[in-house]
Amino acid sequence: MADRTFYVTTPIFYVNDAPHIGHGYTQTVGDVLTRWHRQRGEGVWYLTGVDEHGQKVLRKADENGAAPQDWVDGLVEREWKPMLETIDLANDDFIRTSEERHATGVQAFWQKLNDNGAVYQGEFSGWYSVGSEEFVGEDDVADGEGDDEGHKISTLDGSRVEHVTESNYFFRLSDYQQKLLDFYDANPDFVQPASARNEVVSFVSRGLTDLSISRSTFDWGIPVPWDADHIFYVWIEALLNYVTAVGYGGDEAAEKRFDDLWPADLHIVGKDIVRFHAIIWPAMLMAAGLPAPKKVFAHGWILVGGQKMSKSKANGIHPTQIVDTFGSDAYRYYFSRALTFGNDGSISWEDIGARYHAELANGLGNLASRAAAMVGKYFDGALPPAGEHGDAERAVVELVATATADADAAIDAVAPQDAVAAIWRIVDALNGYVTDQQPWQVAKDESQRERLGTILNTTVEGLRALAVLLHPVMPKATAVLWESVGGATIGDLAEQRIADVPRWGQVPAGTPIVKTAPLFPRIDLTEE
């Protein structure tokens, strides 16, 4: 295993309600990226979790007649943790902001900044969005229209705002305006994609005001250590989960783990919260003398029927609604391939079904089934040796090498859709290869038996490559494929390295090739 550890995080999600596929999208992409890095042989730490504090969660608990801790405990156990299993997440940690390890780290961090003079007490009088838990400047507030008529809204995200006046503690964020702009210039890839970077630079260039870091009108949160009448503003403590989860503010062993893992390699966030992660978060870290994460990547919204998912529009979809019909592998495949990470993307039930049957059932699944069936029919289920490669075989071998390199580069670019598209060139090429070489015709001529063996050996080797390359995307289906192509003779699928994929001839001749149950059985969608 390589010495470095690839540390990736998702946002921690509000537990005011059940999760939807927007949450699952973020987590799935993070999982695909980290599984790929594991298959490179790198150490990986993948963090996800939930944000349990704040006024929005408190109000939701009150609406349901529950104490806030009881409310979040129930949702986490009933909804959020089960979702990890539903979409086959291989996360290394799950942080809850109500955990003691988080509270301890948060208080240690802000005590340090207070001691260093980065915090002062003052009064906040202005606009606050409970929906996004965000203080909103006067220039970013407008009169609402339509359903929001009679209310003030934030032009930053369209959420309703309320006017509040509170005695709070403030972080001297304005001191970091030029430091942040200099940091963006020195690290042009810190915020991605370019549209998110432009938004962040523009926002900071307009000027930064000091940020309230506490609330004093309710008590659902982490207490400010030097003033028990205040709790920390939810974003101010939530952002710290990325360091508290890996040991910041803990004992000696925890601090060593923090030193080993920080800075994070990648924060994956939704585009609506990129400002918190690319402005407030690095400024906080600068004030504490800690390095910023290496990259913040903001993905777009999932659109259903052309609209952003929301409860009010009744177009929010729970991951189980898709997984129960198509399976977790198809879910992971669809959200890795069908949407361009970084852009908004529309989904539909019809598109999921069409891709499932065309690309998974007919493309990959049928290829695997045909290959195993022909080895069984013509060679009694034992992989035949390959004879001399001709131009067609050399083209397949070369394509596997090129596609592997292209997919690997796409993962580094945080472009899972490009990685899967590169891998799928192998699926299409192998299907074309089998069609062109017509092994069923070659089998009729006994003198061509070596040629027949070469065709089927090449096909199985291509499937071996696909099992490894697609394992980060579809862990269950590829485990079955690995069994089919005799992968046990090579080793555990999870231990296969991306760099070794193009090395040809890894499945020994004579290995049993097993026809398994269909990887992706056809689904009757007429009643769905």
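From the list L364, L339, which residue is in contact with a strand residue (DSSP E or B) (Cβ under 6 Å, 6 or more places away or on another chain), outside any strand (DSSP E or B) and touching a residue at least 12 places away in the same chain (Cβ under 8 Å)? Result of the check over L364, L339: L339.
Selection of the range 223-275 for residues being acidic (D, E) and closer than 21 Å to Q192 by Cα yields D265, D272. Among the residues of the range 2-16, those that are modelled with pLDDT under 90, in contact with an Asp or Glu (Cβ under 8 Å, 6 or more places away or on another chain) and over 13 Å from E42 (Cα atoms) comprise Y14, V15. The single condition among (1) open to solvent by less than 20 Å² (accessible area, probe 1.4 Å); (2) touching an Asp or Glu at 6+ places or on another chain (Cβ under 6 Å) that D272 does not satisfy is (1). Does the range 497-511 contain at least one residue that is open to solvent by 20 Å² or more (accessible area, probe 1.4 Å), on the phi > 0 side of the Ramachandran plot and free of Cβ contacts under 8 Å to residues at least 40 places away in the same chain? No. Of the set (1) part of a helix (DSSP H, G or I); (2) surrounded by 20 or more Cβ atoms within 10 Å (Cβ to Cβ), all apply to D259 but (2). Can you find even one residue in the range 399-412 that is in contact with a His (Cβ under 8 Å, 6 or more places away or on another chain) and touching a residue at least 24 places away in the same chain (Cβ under 8 Å)? So far as the range 399-412 goes, yes, one or more of its residues are in contact with a His (Cβ under 8 Å, 6 or more places away or on another chain) and touching a residue at least 24 places away in the same chain (Cβ under 8 Å).
Among the residues of the range 221-251, those that are at pLDDT 95 or above, open to solvent by 20 Å² or more (accessible area, probe 1.4 Å) and part of a strand (DSSP E or B) comprise P223, D227.
Checking each residue in the range 427-464 for being in contact with a Gly (Cβ under 6 Å, 6 or more places away or on another chain) and closer than 27 Å to V32 by Cα picks out V427, L430.
The criterion of at least 2 residues that are under 26 Å from the mean Cα position of the chain (by Cα) is met, among helices (runs of 4 or more DSSP H) falling completely within the range 432-528, by 449-470, 475-484. Filtering the range 28-43 to residues that are closer than 16 Å to S328 by Cβ and open to solvent by 10 Å² or more (accessible area, probe 1.4 Å) leaves only R35.
The residue pairs whose first member lies in the range 82-103 and is under 30 Å from W226 (Cα atoms), whose second member is basic (K, R), and whose beta carbons are closer than 9 Å, counting only pairs six or more residues apart or on different chains, are F94/K81; I95/R101; H102/R96.
For the range 445-465, a residue qualifies if it is polar (S, T, N, Q), farther than 11 Å from V375 by Cβ and in contact (Cβ under 8 Å) with a residue 12 or more places away in the chain, and the qualifying residues are T454, T458.
Please verify whether T155 is farther than 24 Å from A103 by Cα, open to solvent by 20 Å² or more (accessible area, probe 1.4 Å) and in contact with an Asp or Glu (Cβ under 6 Å, 6 or more places away or on another chain), treating the condition exactly as stated. Yes; evaluated as a whole, the condition is true for this residue.
The values are calculated or read from the model by the stated rules, or taken from the named source; none is laboratory data. Treat the numbers as computed from the prediction; the structure is a model and nothing was measured. A quick note on method: Cβ atoms are made from the backbone with ideal geometry, for glycine too, and the neighbour counts reach across all protein chains shown. These accessible areas exclude ligands, DNA and RNA; they are computed on the full protein's heavy atoms, side chains included. Shrake-Rupley method; radii C 1.70, N 1.55, O 1.52, S 1.80 Å.
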